[in-house]
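Structure first, then comments.
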Ligand code: URP
Ligand code: ZN
Ligand code: ZN
């Protein structure tokens with residue numbers, strides 16, 4: 001018998017990716033037990049009055065880096081503080097990254113990350129990065145898919161001399177992903193060009209954060225996106241492009257999709273609302289705090305990303321939550337290429353996307369659910385357990401007050417970092433309550449989290465259609481990914 005009291009969410013509007021309905025939602029033993037009008041509260045139930053509010057699937061952030069060792073340091077937020085911050089903003093699951101060092105066995109790195117993540121306050125899963133290639137990597141990919149519930153592999157096409165995957169690695173890993181029914185994903189930037197442009201900037205004496213976007217222009221991202229898409233096309237494997245930041249990369253995805261290729265794109269909340277002027281700020285700390293890759297872009301790119309989400313060429317929103325404090329960013333005071341790359345956002349994503357998307361009429365509430373949880377759950381094969389308010393689904397829910405406002409700030413955030421890229425932005429639309437497995441984890445400013453309450457989420461491999469594709473048969477049949485996306 002569970003000691004968890006039932007929770008009845010009464011009087012709200014339930015929003016799924018395909019519909020809205022006025023209904024109560026009853027959560028029992030961590031699952032959604034009933035959805036309907038005038039539900040009775042069981043004895044001992046906590047009752048939430050959701051009148052005037054939406055009841056939506058908890059956010060799924062498909063791209064975070066908690067406790068990441070990167071560029072000689074380790075991120076501020078670990079799996080506890082990072083997932084707790086997510087819960088405060090309505091995000092109930094993250095998909096983080098295991099990033100093996102080159103030559104490090106995948107399974108060693110995977111076990112290390114699983115150990116770090118045991119303290120998570122909310123659910124978590126892992127993409128595993130392929131940073132090198134060998135027979136043992138080939139074998140470990142199989143073990144990860146078959147035994148550990150990993151159904152996606154990440155490829156960094158940049159970070160030369162560190163974790164960059166060359167074309168040989170991409171080709172081998174994409175092919176192996178197809179055999180296994182896993183989704184290859186890419187960070188699309190041409191690492192050779194970035195490296196060259198960084199040297200050129202420094203040779204010209206441009207050493208501050210203003211050089212960061214100059215060394216990573218849109219063409220560098222577009223080239224890598226097109227190359228990855230072309231490799232995936234030849235091999236007949238679906239591909240997911242993380243943090244698409246510019247019009248050129250979004251257009252490459254749209255073109256491939258128009259040809260019938262299964263290409264999916266992710267957008268970061270930050271890239272939707274912040275532009276590249278941040279790098280020209282004379283305050284080093286402010287500019288360096290925004291150093292992430294790909295960089296923030298000129299405003300016209302934000303418009304292209306919104307259009308991509310609206311048109312369905314881009315599918316998910318994420319944050320790439322990867323927090324470094326001012327003291328860590330200062331490592332690049334004399335050389336911008338040494339500033340640890342990364343920014344936060346796991347706590348703010350839902351409010352930022354709602355405020356800039358729904359409140360402006362760009363997105364409907366259902367489209368908001370699609371790009372903040374449902375599409376991610378479908379693409380990474382955990383739908384409808386996650387990303388859907390349905391009987392039998394995990395009771396991972398956010399009660400969303402569309403009238404409440406909040407001014408985002410490092411001074412009030414739950415994240416451990418000392419900076420907030422959305423500082424001073426007032427948003428309308430905030431989480432009033434967040435439930436994780438039916439447990440009230442956040443109640444109107446009160447974060448109720450404990451170490452280790454999150455669970456590891458296994459994501460099964462995609463099956464029959466990947467098999468068909470790998471046999472080069474039934475090429476015109478819709479993939480399970482496509483069927484899920486159309487559902
Ligand atoms: O700058 C970023 N994005 N840091 C995290 C690592 C990555 O590239 O995703
Ligand atoms: Zn990246
Ligand atoms: Zn990342």
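Answer yes if at least one residue in segment 82-99 is over 17 Å from the mean Cα position of the chain (by Cα) and touching a residue at least 24 places away in the same chain (Cβ under 8 Å), and no otherwise. No, because not a single residue in segment 82-99 is over 17 Å from the mean Cα position of the chain (by Cα) and touching a residue at least 24 places away in the same chain (Cβ under 8 Å).
Restricting segment 305-343 to residues that are surrounded by fewer than 23 Cβ atoms within 10 Å (Cβ to Cβ) and either closer than 16 Å to residue 269 by Cα or at pLDDT below 95 (or both) leaves a set whose member that is nearest to ligand 2 (Cβ to nearest atom) is 308.
Yes or no, residue by residue, for (1) under 30 Å from residue 128 (Cβ atoms); (2) part of a strand (DSSP E or B); (3) within 16 Å of ligand 1 (Cβ to nearest atom); (4) modelled with pLDDT of 95 or more:
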position: 25; (1), (2), (3), (4): no, yes, no, yes
position: 47; (1), (2), (3), (4): no, yes, no, yes
position: 56; (1), (2), (3), (4): yes, yes, no, yes
position: 76; (1), (2), (3), (4): yes, no, yes, yes
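The set of residues in segment 58-69 being in a strand (DSSP E or B), surrounded by fewer than 24 Cβ atoms within 10 Å (Cβ to Cβ) and either at pLDDT below 95 or within 13 Å of ligand 3 (Cβ to nearest atom) (or both) is empty. Residues in segment 152-187 that are away from ligand 1 (no atom under 14 Å from the Cβ) and at positive phi: 161, 181.
Comparison of 245, 293 shows that the only residue that is within 12 Å of ligand 1 (Cβ to nearest atom), in contact (Cβ under 8 Å) with a residue 24 or more places away in the chain and farther than 22 Å from residue 417 by Cα is 245. Across segment 272-290, the qualifying residues are those that are within 23 Å of the chain's Cα centre (by Cα) and more than 16 Å from residue 351 (Cβ to Cβ), and the one among them that is surrounded by the most Cβ atoms within 10 Å (Cβ to Cβ) is 289. Among the residues of segment 439-448, those identified as surrounded by fewer than 24 Cβ atoms within 10 Å (Cβ to Cβ) and touching a residue at least 60 places away in the same chain (Cβ under 8 Å) are 439, 440, 447.
Can you tell me which residue within segment 138-160, out of those that are within 16 Å of ligand 2 (Cβ to nearest atom) and farther than 18 Å from residue 456 by Cβ, is surrounded by the fewest Cβ atoms within 10 Å (Cβ to Cβ)? Only one residue tops the list, namely 160. When segment 70-93 is filtered for residues that are surrounded by 24 or more Cβ atoms within 10 Å (Cβ to Cβ) and within 15 Å of ligand 2 (Cβ to nearest atom), only 75 remains.
Whether a residue is within 16 Å of ligand 3 (Cβ to nearest atom), surrounded by 24 or more Cβ atoms within 10 Å (Cβ to Cβ), within 25 Å of residue 200 (Cβ to Cβ) and at pLDDT 95 or above was assessed, and residue 249 passes this test.
Report whether or not residue 254 is under 21 Å from the mean Cα position of the chain (by Cα) and within 16 Å of ligand 2 (Cβ to nearest atom). No, not satisfied. Of all residues in segment 195-211, which are assigned to a helix (DSSP H, G or I) and in contact with a helix residue (DSSP H, G or I) (Cβ under 6 Å, 6 or more places away or on another chain)? Once the filter is applied, which keeps residues that are assigned to a helix (DSSP H, G or I) and in contact with a helix residue (DSSP H, G or I) (Cβ under 6 Å, 6 or more places away or on another chain), segment 195-211 yields 198, 201, 211.
Going residue by residue through segment 296-304, is there one that turns out to be touching a residue at least 60 places away in the same chain (Cβ under 8 Å), away from ligand 2 (no atom under 16 Å from the Cβ), more than 30 Å from residue 52 (Cα to Cα) and out of contact with any strand residue (DSSP E or B) (no Cβ under 9 Å at 6 or more places or on another chain)? So far as segment 296-304 goes, no, none of its residues is touching a residue at least 60 places away in the same chain (Cβ under 8 Å), away from ligand 2 (no atom under 16 Å from the Cβ), more than 30 Å from residue 52 (Cα to Cα) and out of contact with any strand residue (DSSP E or B) (no Cβ under 9 Å at 6 or more places or on another chain). Scanning segment 118-164 for residues that are within 16 Å of ligand 3 (Cβ to nearest atom), under 30 Å from residue 435 (Cβ atoms) and in contact with a helix residue (DSSP H, G or I) (Cβ under 7 Å, 6 or more places away or on another chain) turns up 124, 126, 128. Within segment 165-188, can one find any residue that is assigned to a loop (DSSP other than H, G, I, E, B), within 16 Å of ligand 3 (Cβ to nearest atom) and touching a residue at least 24 places away in the same chain (Cβ under 8 Å)? Yes, segment 165-188 contains at least one residue that is assigned to a loop (DSSP other than H, G, I, E, B), within 16 Å of ligand 3 (Cβ to nearest atom) and touching a residue at least 24 places away in the same chain (Cβ under 8 Å).
The values are calculated or read from the model by the stated rules, or taken from the named source; none is laboratory data. The structure displayed is predicted, hence computed values, not measured ones. We place every Cβ from the backbone using ideal geometry, glycine too, and count neighbours over all the protein chains shown.
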